[in-house]
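*Asks:* Quick one: structure below, then a few questions.
The values are calculated or read from the model by the stated rules, or taken from the named source; none is laboratory data. Computed from a prediction, not measured in an experiment: that's the story for all the values here. So basically every Cβ, Gly included, is an ideal-geometry build from the backbone, and we count neighbours across all protein chains shown.
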Amino acid sequence: MGQIRVPRKGVTPAELASVLSRRLGVGFEVAADHGLPFLVITAGTRNHFALDLGLERDFFESSLDKPIATLRLLHYPPVKGPLPDGQLGAGEHTDYGNVTLLATDAVGGLMVRDRSGRWLDAPVVPGAFVCNIGDCLMRWSNDVYVSTPHKVVSPPNKDRYSVAFFLDPNPDALVACLPTCITPDRSAKYAPITGADFLRSRLEPTYAAKAS
């Protein structure tokens with residue numbers, strides 16, 4: 001994807017926290033569990049998703065109380081001038097899980113594709129998080145929600161930093177079509193699957209392609 005994960009060799013946690021706080025405008029502290037603030041935020045978003053889908057507010061609680069969660073600290077090195085056609089900081093993709101929260105700096109470069117197929121620059125809102133719906137929530141909602149295609153076009157001559165928090169359901173959570181997402185005109189499109197099996201079904205083709 002053209003991304004370099006940080007911290008790099010020789011960068012201390014305190015130095016990394018300082019860089020992220022300065023570049024992203026969000027306070028990062030050195031802690032044993034860097035993902036905790038993101039878990040708190042996603043707890044609120046899943047409650048709102050449940051209400052929007054016509055479910056009880058706490059519907060997702062038992063499926064996301066021991067989630068598969070990943071926090072990635074990302075650095076996109078500066079490029080000298082525009083990249084050649086087909087080369088991006090991160091190519092077009094959707095995220096596999098339920099929800100992704102993204103903290104970005106003021107450099108920009110993130111683009112999202114709307115349902116009409118147009119690519120739009122994601123606005124930079126200081127102190128705000130970008131929230132992407134992932135493939136798992138799309139499956140869970142029977143395509144009522146659609147995962148967000150996105151990519152990163154690295155701006156020339158600028159470092160770009162971001163922090164991405166990926167939230168997947170509990171490994172044993174059953175991802176089955178939500179009852180409010182079935183109508184006489186919309187039958188269930190997907191068979192039930194556990195959170196772990198769904199994530200495995202998406203990761204294995206990715207790593208198989210890299211190995212070939």
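*Asks:* Which pairs do you get when a residue that is in a loop (DSSP other than H, G, I, E, B) and of a type outside the set (K, R), found in segment 80-102, comes within reach of a residue that is modelled with pLDDT under 80 and surrounded by 14 or more Cβ atoms within 10 Å (Cβ to Cβ), reach meaning Cβ atoms under 6 angstrom, with the pair 6+ apart or on two chains?
*Replies:* From segment 80-102, the pairs are G89/G2; G89/S154.
*Asks:* With (1) charged (D, E, K, R); (2) at pLDDT below 95; (3) surrounded by fewer than 20 Cβ atoms within 10 Å (Cβ to Cβ) as the list, and D143 as the residue in question, which single condition is left unmet?
*Replies:* If we test D143 against (1) charged (D, E, K, R); (2) at pLDDT below 95; (3) surrounded by fewer than 20 Cβ atoms within 10 Å (Cβ to Cβ), just (2) comes out false.
*Asks:* Are any residues in segment 139-156 of a type in the set (A, V, I, L, M, F, W, C) and either at positive phi or assigned to a loop (DSSP other than H, G, I, E, B) (or both), and if so, which ones? So that I can check it myself, show each step before the final result.
*Replies:* Of the residues in segment 139-156, the ones of a type in the set (A, V, I, L, M, F, W, C) are 140, 144, 146, 152-153.
Of everything in segment 139-156, those that are of a type in the set (A, V, I, L, M, F, W, C) and either at positive phi or assigned to a loop (DSSP other than H, G, I, E, B) (or both) turn out to be V144, V146, V153.
*Asks:* What residue, among those in segment 161-212 that are modelled with pLDDT of 95 or more and among the hydroxyl-bearing types (S, T, Y), is surrounded by the fewest Cβ atoms within 10 Å (Cβ to Cβ)?
*Replies:* Here the answer is S187.
*Asks:* Select, from L110, L24, L101, the only residue that is under 29 Å from D121 (Cβ atoms), in contact with an Asp or Glu (Cβ under 8 Å, 6 or more places away or on another chain), at pLDDT 85 or above and of a type outside the set (V, I, T).
*Replies:* On the way: L24 fails: at pLDDT 85 or above; L101 fails: in contact with an Asp or Glu (Cβ under 8 Å, 6 or more places away or on another chain).
Residue meeting the stated conditions: L110.
*Asks:* Kindly list the number of the only condition in (1) free of Cβ contacts under 8 Å to residues at least 60 places away in the same chain; (2) buried (at least 16 other Cβ atoms within 10 Å of the Cβ); (3) not β-branched (V, I, T) that fails for R115.
*Replies:* With (1) free of Cβ contacts under 8 Å to residues at least 60 places away in the same chain; (2) buried (at least 16 other Cβ atoms within 10 Å of the Cβ); (3) not β-branched (V, I, T) applied to R115, the lone miss is (2).
*Asks:* Mind listing whichever residues of segment 34-72 are crowded, with 19+ Cβ neighbours inside 10 Å, at pLDDT 80 or above and more than 21 Å from D172 (Cβ to Cβ)?
*Replies:* Matches in segment 34-72: L53 only.
*Asks:* Going by the structure shown, is G117 within 19 Å of the chain's Cα centre (by Cα), farther than 25 Å from E61 by Cβ and assigned to a loop (DSSP other than H, G, I, E, B)? It would help to see each step written out before you state the result.
*Replies:* Numbers: within 19 Å of the chain's Cα centre (by Cα): no; farther than 25 Å from E61 by Cβ: yes; assigned to a loop (DSSP other than H, G, I, E, B): yes.
Judged against the criteria, G117 is not a match.
*Asks:* Being among the hydroxyl-bearing types (S, T, Y) and within 23 Å of L51 (Cα to Cα) is the requirement here; does T206 meet it?
*Replies:* On the way: among the hydroxyl-bearing types (S, T, Y): yes; within 23 Å of L51 (Cα to Cα): no.
When the stated conditions are applied, T206 does not pass them.
Condition check ((1) in a helix (DSSP H, G or I); (2) within 13 Å of T100 (Cβ to Cβ)) across all residues:
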position	(1), (2)
L137	yes, yes
V163	no, yes
D172	no, no
A196	yes, no
